[in-house]
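The values are calculated or read from the model by the stated rules, or taken from the named source; none is laboratory data. All figures in this text were calculated on a predicted structure; none of them were measured in a lab. Reconstructed Cβ throughout: ideal geometry from the backbone, glycine too, with neighbour counts over all protein chains shown.
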Amino acid sequence: MQIKSAEFILSNSDVEKCPASRIPEYAFIGRSNVGKSSLINMLMQRKSLAKTSGRPGKTQLINHFLINKNWHLVDLPGYGYARVSKSSKKVFQKFITDYFLKREQLVCAFVLIDCRHDPQPIDLQFLEWLGQQQIPFSIIFTKADKLKPNALKRNVGAYKLKLLESWEALPPCFITSSSNSTGRDEVLQYIDDINSEFEYS
Ligand code: GTP
Ligand code: MG
């Protein structure tokens with residue numbers, strides 16, 4: 001898929017105030033600092049469409065972007081890291097879980113996992129919750145440039161085995177790097193395929 005246009009639409013913390021249009025929507029979620037915003041910029045080939053930072057907790061709101069005038073991409077705050085007020089210390093903030101529960105336009109949640117780390121309970125718990133809610137998801141392993149090919153293969157393989165302990169089948173999985181654009185074509189193709197189903201249905 002060619003990216004012809006990518007525009008920021010709006011930010012808010014209330015799913016009811018998200019854009020009303022019914023075009024297909026894809027959301028990026030995962031631990032703080034896993035690379036959600038960077039991945040969005042890499043996919044869109046725009047340096048600072050989504051705001052990134054070396055410090056966790058950069059993205060604080062639900063951010064909608066309109067792509068090619070016919071689908072939405074959503075940058076979400078990370079989970080597993082709480083800054084500022086005590087009330088935001090909940091692991092999965094309510095407005096984020098509300099987003100997943102109420103956003104009918106959401107066709108796929110991309111759950112980002114840092115390829116360097118062993119499976120973390122918080123991510124496995126979030127995947128399980130998505131499954132219980134019957135929200136379709138795919139997994140994106142991020143920061144592939146930080147590992148040598150063998151270590152990358154070993155880690156991704158171990159992750160998949162861990163998933164198979166609780167899931168009968170694996171979701172679609174992608175390996176990406178926002179530093180060198182690994183995985184860009186695959187993720188965009190996957191989105192394009194889903195978008196085409198919408199056009200013809
Ligand atoms: P929050 O908004 O805080 O939840 O974080 P985020 O998941 O949006 O992460 P963000 O994209 O802001 O990236 C966090 C840090 O990781 C930044 O310093 C990025 O430069 C770095 N980073 C993200 N993706 C990659 C990658 O593929 N490779 C490398 N080497 N660094 C990355
Ligand atoms: Mg972010």
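Name the residues in the stretch 27-70 that are within 11 Å of ligand 2 (Cβ to nearest atom), part of a loop (DSSP other than H, G, I, E, B) and aliphatic (A, V, I, L, M), would you?
Result: Val34, Ala50, Leu61.
Suppose we filter Leu152, Leu161 for residues that are modelled with pLDDT of 95 or more and farther than 24 Å from Ser38 by Cα; which single one remains?
Sole residue among the options that is modelled with pLDDT of 95 or more and farther than 24 Å from Ser38 by Cα: Leu161.
Name the pairs: first residue in the stretch 53-67 and touching a residue at least 12 places away in the same chain (Cβ under 8 Å), second residue within 6 Å of ligand 1 (Cβ to nearest atom), Cβ to Cβ under 6 Å, at least 6 apart or on different chains?
Close Cβ pairs satisfying both conditions: Pro56/Ser32; Pro56/Asn33; Gly57/Ser32; Thr59/Ser37; Thr59/Pro77; Gln60/Pro77.
Name the single residue, out of those in the stretch 156-165 being touching a residue at least 12 places away in the same chain (Cβ under 8 Å) and within 19 Å of Phe110 (Cα to Cα), that is nearest to ligand 1 (Cβ to nearest atom).
Val156
Select from the stretch 115-150 the residues that are among the polar types (S, T, N, Q) and touching a residue at least 60 places away in the same chain (Cβ under 8 Å) and list them in ascending order. Show your work before the answer.
Narrowing the stretch 115-150 to residues among the polar types (S, T, N, Q): 120, 125, 132-134, 138, 142, 150.
Correct list: Gln120, Thr142.
Quick one: how many residues across the stretch 35-50 are over 11 Å from Leu76 (Cα atoms) and basic (Lys, Arg)?
Total satisfying the criteria: 2.
Any residue at all in the stretch 122-142 that is among the charged types (D, E, K, R) and part of a loop (DSSP other than H, G, I, E, B)?
No; the residues of the stretch 122-142 include none that is among the charged types (D, E, K, R) and part of a loop (DSSP other than H, G, I, E, B).
Restricting to the stretch 71-118, name every residue that is surrounded by fewer than 16 Cβ atoms within 10 Å (Cβ to Cβ), in a loop (DSSP other than H, G, I, E, B) and modelled with pLDDT of 95 or more.
Correct list: Glu104, Arg116, His117, Asp118.
Of all residues in the stretch 21-49, count the ones that are more than 12 Å from ligand 1 (Cβ to nearest atom), over 18 Å from Glu104 (Cβ atoms) and among the small types (Gly, Ala, Ser).
Residues meeting the conditions: 0.
Hey, among the residues in the stretch 8-20 that are farther than 20 Å from Phe110 by Cβ and not hydrophobic (A, V, I, L, M, F, W, C), which one's surrounded by the most Cβ atoms within 10 Å (Cβ to Cβ)?
Ser13
Please specify each residue of the stretch 163-185 satisfying the condition of being assigned to a helix (DSSP H, G or I) and surrounded by fewer than 13 Cβ atoms within 10 Å (Cβ to Cβ).
Hits for the stretch 163-185 are Leu164, Glu165, Ser166, Asp185.
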